[in-house]
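Novice: What follows is a structure written as structure tokens; I'll ask about it next.
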Amino acid sequence: MQVFHLQLVLCLICVVSAEYKNYDGFKVLEVNYGNPRVKNYIQKLEEHLGFMPDFLGENWKQKQAHYFIDKDSVEKVKINLADNNITYHMRDVNPQIFKVRRRRDLNGAVSIHDVNTRYLSYDEQMKFLNSLAQQYPNDVKLQNIGNSYEGRSITAVRIADDGSSKPIVWIDAGIHAREWISYNVALYLIYTIVSQPAYRNLLDSVQLVVVPNTNPDGYEYSRTNDRMWRKTRSRFTNSRCAGADANRNYPFYWGTQGVSHSQCSEIFCGSRPQSEPEVLALTNAIIRDEERIKGYIALHSYGQEILYPWGHTQRTYPTDVQDLIQVGRAMASAIRAVNNTDYTVVNSGDGLYPAAGASDDWAKSRGIKYSYTIELSPIDDFTGFSLPEDRINQVCREAFQAIQVLMIEVKSKFGFKQMTSSTASSAQSTLLLNRLRTIGNRGFGRGR
């Protein structure tokens, strides 16, 4: 019987592996753009190649751009780069991309140890949230704010929602399916802030809303079919391609810069603003509370960056940009205090490619004071989206400290006991960073 069971398991693994997209022959392209001529070239890369490769991101400090090149385009890209006298590096794709994620028996409980040590399925994520709602009924309330294209619940976790009018910090994660670490960070945040008495005082003054999986269809598809899947899973009439880039689908300068109107593109902005049910659900939920939402963070990966608006164009900033920079730097300092990891605070539109229709721009346009995108670890393109599971806990602890900084800033400016001067607010932030070093060393929220 045991032999038969083993044969059955091996058979199932073979079937799953056969269905999982293989990236043999795909390459990661790295171009250094310190030279203005090279920068101008890669900013017009789509014109040069006749298509836009999957842009993985840029390293601001080292002035490097990274792209994901499909195997059928590798030679064409090499020839074009050589013809334009562009120095570049190409390397094979991280073999961790080929690792198939298989479901485990859901009869057992999902614990914080699981969140800290592995990437969970959507069903496991929801099971974990349900267990927290049962364990902390006064602090954790689950709210269905809508459904995905394929009918999965988009769940908002309302923490310390006591019916008062206290300010809200809103966190959402995973709008890009392949950015797996963002989901774990959101789950870790929920657990840690409700399970540790040290944060009781903060929750008495600030409500936290966390949507830990904003693209459940895309996420599951990335687990079962295509590790590099980025978009939603909506379907279109007479098209062989599925999904839209939900972070180009928000109704603020929609469809202008840094997007594509081709359904097969990785940055397809959708047929119209809010065409994706996931985006419609998120925007409607935020609008219902927008008078109280004072802080917003969209969790992404990778790159170790804290990005602030505006991102739809270059060299254009909100009138309170210095406030955004100051708090962004405080968040980066809090991250550094945990394990000496450096995050760069930069404007999201001043890089190589502005991106219109993004969530942080839209949130800022609705009057939310502090709006950011955090590109989580790692910073290197070889590890990229395949952050090893033994690094999950460190990234979670670092991001938690950054989010705590924003919550305390919101408390100091908008809480029931408002401070009367920006000096007092800055002093509190300084005291916070000193305290964070102690809390970070204690490892709050760490699984056993």
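Derivation of every value follows stated rules applied to the coordinates shown; laboratory data play no part. The shown structure was predicted, so the numbers you read here are calculated from the model rather than taken from an experiment. Here the Cβ positions follow ideal geometry from the backbone for every residue, glycine too, while neighbour counts run over all protein chains shown.
Novice: 5 Å is the cut-off here: which amide hydrogens, built 1.01 Å from N in the peptide plane, fall below it relative to residue 348, excluding neighbours closer than 5 in sequence?
Specialist: Here 308 satisfy the definition.
Novice: Hey, another quick one. Please work out the Cα center distance from the range 17-93 to the range 145-193, rounded to the nearest Å.
Specialist: Here the answer is 33 Å between Cα centres.
Novice: Residue by residue through the range 74-79, which ³J(HN,Hα) values in whole Hz follow from phi under the Karplus form 6.51 cos²θ - 1.76 cosθ + 1.60 (θ = phi - 60°), with glycine and proline marked x?
Specialist: Running phi through 6.51 cos²θ - 1.76 cosθ + 1.60 with θ = phi - 60° gives 4, 5, 4, 5, 4, 5 Hz.
Novice: Just name one of 415, 66, 94: the one whose Cα is farthest towards the positive end of the charge dipole of the chain (beta-carbon charges, Lys/Arg +1, Asp/Glu -1).
Specialist: 415
Novice: Another one. Could you list, in their original order, any pairs among 44/231; 61/369; 231/364; 231/294; 61/127; 127/369 whose Cα atoms are separated by more than 30 Å?
Specialist: 61/127; 127/369
Novice: Which entry is the computed log10 I(q)/I(0) by the Debye sum over Cα atoms at q = 0.06, 0.07, 0.10, 0.11 Å⁻¹ for this structure: [x] -0.76, -0.83, -1.03, -1.08; [y] -0.30, -0.41, -0.82, -0.98; [z] -0.25, -0.34, -0.70, -0.85?
Specialist: [z]
Novice: Out of residues 5 or more away from residue 301 or on other chains, whose amide H comes under 5 Å of its own, with H placed 1.01 Å from N in the peptide plane?
Specialist: Placed amide hydrogens put 376 under 5 Å from residue 301.
Novice: Find out how many positive minus negative residues lie around residue 117, taking Lys and Arg as positive, Asp and Glu as negative, among other residues whose Cβ is under 9 Å from that of residue 117.
Specialist: With Lys, Arg at +1 and Asp, Glu at -1, the net is -2.
Novice: Once phi is turned into θ = phi - 60°, what whole-Hz ³J(HN,Hα) does the Karplus curve with 6.51, -1.76 and 1.60 give for every residue of the range 34-42, x standing for Gly and Pro?
Specialist: Running phi through 6.51 cos²θ - 1.76 cosθ + 1.60 with θ = phi - 60° gives x, 6, x, 5, 5, 4, 4, 4, 6 Hz.
Novice: Within a Cβ distance under 9 Å of residue 304, other residues only, what is the Lys/Arg minus Asp/Glu net charge?
Specialist: -3
Novice: Now for a separate question. Sorting check: for 34-40, 344-350, which peptide has the highest mean count of neighbouring beta carbons within 10 Å, and how do the rest follow?
Specialist: Averaged packing, sorted descending, gives the order 344-350, 34-40.
Novice: Step through the residues of the range 279-296 one at a time and calculate ³J(HN,Hα) from phi using the Karplus curve (6.51 cos²θ - 1.76 cosθ + 1.60, θ = phi - 60°), rounding each to whole Hz and writing x for Gly and Pro.
Specialist: Values, residue by residue: 5, 4, 5, 5, 5, 4, 5, 5, 4, 4, 10, 5, 5, 9, 6, 10, x, 9 Hz.
Novice: Taking 8 Å as the Cα distance limit and 6 or more residues as the minimum spacing, I'd like the relative contact order of the range 27-93 as a percentage.
Specialist: 48
Novice: Take the alpha carbon atoms of the range 320-378, find their radius of gyration, then divide it by 2.2 N^0.38 Å using N residues; give the quotient.
Specialist: The value comes to 1.20.
Novice: What spacing in nm lies between the two simple spin-label points modelled at residue 264 and residue 135, each 7 Å away from Cα in the Cβ direction?
Specialist: 4.7
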